[in-house]
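Inspection log for the structure reproduced underneath, given as structure tokens.
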Amino acid sequence: MSQVLDGVRVLDFGRYIAGPCCGMMLGDLGADVIRIEKIDGSEDRYTTPIGEGAEGEECVGSGYLHLNRNKRGLTLNPMKPEGREIVKKLVATADVVIANLPTETLTAMGLDYESLRAVKEDIILTTVSAFTSVGPYKDRVGFDGVAAAMSGMMHLSGYEDEPMKAHTPWVDFGTASAATIGTLAALLHKRATGEGQRVEGSLLGTALLFNNAGLIEQAMIGADRVGSGNRGQTSAPSDAFKCSDDKWIIVQVVGQTLFNRWIDLMGDGDYWLKDPKFKDDLLRGDNGVEISARMQKWCSERTREEAIAALAEARIPCGHVYKPADTLKDPQVLQGDFLQEVDYPGTPSPAPMSKLHVRFSKTPADTIRMRAPTLGEHTDEVMHELGYDDATIAELREKRVV
């Protein structure tokens, strides 16, 4: 069955998460994605190692396996004259170039938009940066945590005397999703008009979007909120609770309907209904310490599974607070077709790899067709497609151009 991006070629110069994840999603949708990296392997190949990798690799990282499936791999040094020529030949065959590299590096590699347009007029350049290409911070570098901290999230997620970062790099993955949406929109525009364009995502832009409600509240009513850990601030109970077997759950009650269900479950409705300090979500959030205490007492009298069963029966949103080892055993995770086991050379076992997080009834993207490429695995294949013969490829490899 054909996929929605069949026939689209993407050159992925991305590193770490946001750029490669955009390339991954385009590959999942059927594009021919070519990952282009340093001769000895780019840094993100080796981050968070989980195995020794294939021959010629220092090791292989968990994020690399995940974010580079459904891609072919080419090693290339675009800073050498012969490498610049290969870049031009690649661009001439491509629809999209992805790069999350500093502006000066893009220019040095011939990957700035004007240089790309000189090779292929209708090219789409998708870039990701920390702060975008305008403003006083445009030349700064940054990672996920920097943008999250600047958006106010880190302050709100911690405690009054200690801000707290999120372990999962949600800004990176959110930015990758935005870059993918932007690239798909640019492809639609190109199909309609024949025009390419530059698509620009930024970590700070993503973080500001995701935390925008809190910023609006601050700007308009000066709420001056401080961190409250796991406890929500604009509804209650919305918190993590420890059960009698020392296992944790999360409960999130938002809106009067759910609060009424919670009251029925607690069995002491008169108190919660009559006291005006619990009359709406915002007031319940303001008085969430008391509501969480009542919920904690209820949980302390039940095992985690007993609490989950009762809350689910009452149609109250709840869930297990899992360790990663628990997540991998959960029946919904296992039976919901979220993960696919994928092998990679030099690793101790297949990787449980999450599939694209959207499903289609007509244009499937729910199968990982190719594992992440080993270092330079498809270099010869791609170079042959560009018209290079074996002798020339061998010479370029000797010069460490490829």
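A few remarks follow.
- Inter-residue pairs, beta-carbon under 9 Å, first assigned by TED's automatic domain parsing to the domain that holds Pro364 and within 16 Å of Glu37 (Cβ to Cβ) and in region 70-85, second among the acidic types (Asp, Glu) and in a strand (DSSP E or B), 6+ apart: Lys71/Asp12; Lys71/Asp32; Arg72/Asp32; Gly73/Glu37; Leu74/Glu37; Thr75/Glu37; Leu76/Glu37
- Residues of region 98-119 classified as assigned to a loop (DSSP other than H, G, I, E, B) and surrounded by fewer than 17 Cβ atoms within 10 Å (Cβ to Cβ), total: 1
- Condition check for Ile34: closer than 19 Å to Val8 by Cα and modelled with pLDDT of 95 or more: yes
- Residue within region 267-274 that is more than 22 Å from Met295 (Cβ to Cβ), exposed (fewer than 15 other Cβ atoms within 10 Å of the Cβ) and hydrophobic (A, V, I, L, M, F, W, C) present: no
- Any hit, region 233-249, residues being surrounded by 18 or more Cβ atoms within 10 Å (Cβ to Cβ), of a type outside the set (A, V, I, L, M) and touching a Cys at 6+ places or on another chain (Cβ under 6 Å): yes
- Filter result for the condition that a residue is crowded, with 19+ Cβ neighbours inside 10 Å and outside any helix (DSSP H, G or I), over Thr127, Thr175: Thr127
- The condition (being farther than 16 Å from Arg261 by Cβ and not aliphatic (A, V, I, L, M)) is satisfied by just one residue among Asp286, Asp281: Asp286.
- Qualifying residue in region 143-159 (condition: touching a residue at least 12 places away in the same chain (Cβ under 8 Å), over 26 Å from Leu90 (Cβ atoms) and exposed (fewer than 14 other Cβ atoms within 10 Å of the Cβ)): yes
- Options Val226, Val254: the member that is under 33 Å from the mean Cα position of the chain (by Cα), surrounded by fewer than 16 Cβ atoms within 10 Å (Cβ to Cβ) and more than 19 Å from Arg304 (Cβ to Cβ): Val226
- From the list Thr379, Thr327, the one residue that fits, being among the polar types (S, T, N, Q), in contact (Cβ under 8 Å) with a residue 40 or more places away in the chain and in contact with a helix residue (DSSP H, G or I) (Cβ under 9 Å, 6 or more places away or on another chain), is Thr379.
- Residues in region 284-322 that are free of Cβ contacts under 8 Å to residues at least 60 places away in the same chain and among the polar types (S, T, N, Q): Asn287, Gln296, Ser300.
- In region 202-213, the residues that are within 17 Å of Leu101 (Cα to Cα) and in a helix (DSSP H, G or I) form Cβ pairs under 6 Å with partners that are modelled with pLDDT of 95 or more and not hydrophobic (A, V, I, L, M, F, W, C), at six or more places apart or across chains, as follows: Leu203/Thr175.
- For Ile181, the conditions (1) in contact (Cβ under 8 Å) with a residue 12 or more places away in the chain; (2) within 17 Å of Gly27 (Cβ to Cβ) are fulfilled apart from (1).
- Among the criteria (1) surrounded by 13 or more Cβ atoms within 10 Å (Cβ to Cβ); (2) under 30 Å from Arg371 (Cα atoms), the one Cys318 does not fulfil is (2).
- Boolean, Ala213 is in contact with a Lys or Arg (Cβ under 9 Å, 6 or more places away or on another chain), of a type in the set (A, V, I, L, M, F, W, C) and at pLDDT 95 or above: no
The values are calculated or read from the model by the stated rules, or taken from the named source; none is laboratory data. As the structure is a prediction and not an experimental result, all values here were calculated from the model. Using ideal geometry, Cβ is built from the backbone for each residue, glycine included, and neighbour counts are taken over all protein chains shown.
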